[in-house]
1. Taking the options Y199, Y215, name whichever one is of a type in the set (F, W, Y), under 29 Å from L85 (Cβ atoms) and modelled with pLDDT of 90 or more.
2. Kindly establish whether N348 is in a loop (DSSP other than H, G, I, E, B) and at pLDDT below 95.
3. Quick check on K303: is it without any contact (Cβ under 8 Å) to a residue 12 or more places away in the chain and either out of contact with any helix residue (DSSP H, G or I) (no Cβ under 7 Å at 6 or more places or on another chain) or over 24 Å from G358 (Cα atoms) (or both)?
4. Just give me the residues in region 39-56 being modelled with pLDDT of 90 or more and crowded, with 19+ Cβ neighbours inside 10 Å, in sequence order.
5. Restricting attention to region 73-127, and to residues there that are of a type in the set (G, A, S) and in contact with a Gly (Cβ under 9 Å, 6 or more places away or on another chain), which single residue is surrounded by the most Cβ atoms within 10 Å (Cβ to Cβ)?
6. For region 203-223, which positions are without any contact (Cβ under 8 Å) to a residue 24 or more places away in the chain and in a helix (DSSP H, G or I)?
7. Can you pull out every residue in region 40-56 that is in a loop (DSSP other than H, G, I, E, B), of a type outside the set (K, R) and under 25 Å from T301 (Cβ atoms)?
Amino acid sequence: MKYLIFFLSFILLFCSCQEGAQISGKIKKLPKQTLILEEMTLGKPIFIDSTTSSDDGAFNLKVNTNEEKMYRISFINERYIMLALEKGDHAKIEANWNNLENYQVDGSQKSEILKTFILGTRSSIVSLNTMQMIVDTLRKQGVSDSMQKASVDALALENTKFMDFIRQFADTTTSVASALMAVNLINPKFEAPFIKGFYEEIETRFPGSTMAKEYKDRFNGVPTNDVEPTVSKSGEPAPDFVLKSTEGKDISLSSFRGQYVLVDFWASWCKPCRVENPAVVKAFNQFKDKNFTVLGVSLDTDKNSWKKAIKTDGLTWTHVSDLVGFGSPVAQLYKINSIPANILIDPNGNVVAKNLRGENLLKTLEKTLK
């Protein structure tokens, strides 16, 4: 009888271990802290599990899931690791706290795919930023037009290679979470046919995937409980929202009530945004003492690239993001389908104007902030 009880206990234990996914990790030099595991959704992240790391940087987390979904392990100082987990995964993470972005993950095939994509985009963004810096430097130095053109052409080629990589990955990866992350880096205004085809095939490629259906419904304009898309006209109230700052603090649009605020949608990987940034910097510096400020809303997915671009471009105002690209509920709320885009809001929270560029931005502010 005791052998039967032991056998049944073993079976129950074995079955319980197979439910969902297990995460174990060891991060060298990790300060002892509370780690939080969240599921990344179209709305706000959903809390899944938490734990306190041991003195040697070890930790364990778990999630109950029957299908692949996107997850984030959050650490102190707004650092995190992204995972794509499915039922039966036993993800093992190894890293060094001083170089967390180069973590290693085994035991979760989809998480390995996701990491490869993140590293690929990071490398491409670094190359794009480097080329942009070269172009800007040559312009400031007043070098020949032919040399400037050659540099601009090289930048355009680098951008084309980056977009080719994104499209190919989105179309071929076996990870639904990674595919959706990739497609949300693509500007729907210029890549509408590709994105339309992607979503037409997504449920066939990943049958039964809740993520695939939710994102496809969002693309097709099916209403959700999280976000009701709206487009405020001039004079109408701007919908409120709350996003995390670069320091991890909750920042609401309504907290700027009493000021004129330019809500500026942009991203570090967006070349037109980076070209437009000097005009926004000029406007901010010229009018910041006249009850005016800027709130940057990033459609990035990589926090390091986002923060680096803020520093490189000298964007000294408040910045927020949920780091899900064009999949951001705030972007949906304002129906942002291309960037750069901006909305000027008055002290009462009403829309004054939209999509102000360059000299038009300065002229509008001069007229408005008399």
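The values are calculated or read from the model by the stated rules, or taken from the named source; none is laboratory data. Computed from a predicted structure; not experimentally measured. Positions of Cβ are generated from backbone atoms using ideal geometry, with glycine treated the same way; all protein chains shown enter the neighbour counts.
1. On inspection, the qualifying residue turns out to be Y199.
2. yes
3. No; evaluated as a whole, the condition is false for this residue.
4. I48, S53
5. Checking each candidate, the answer is A91.
6. E203, T204, K213, K216, D217, listed by residue number.
7. M40, T41, L42, G43, P45
Listed here are the residues, each with its yes/no results for (1) assigned to a strand (DSSP E or B); (2) touching a Pro at 6+ places or on another chain (Cβ under 7 Å); (3) crowded, with 21+ Cβ neighbours inside 10 Å.
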| residue | (1), (2), (3) |
| --- | --- |
| V281 | no, no, no |
| K290 | no, no, no |
| G296 | yes, no, yes |
| K308 | no, no, no |
| L315 | no, no, no |
| A331 | no, no, yes |
| I336 | no, no, yes |
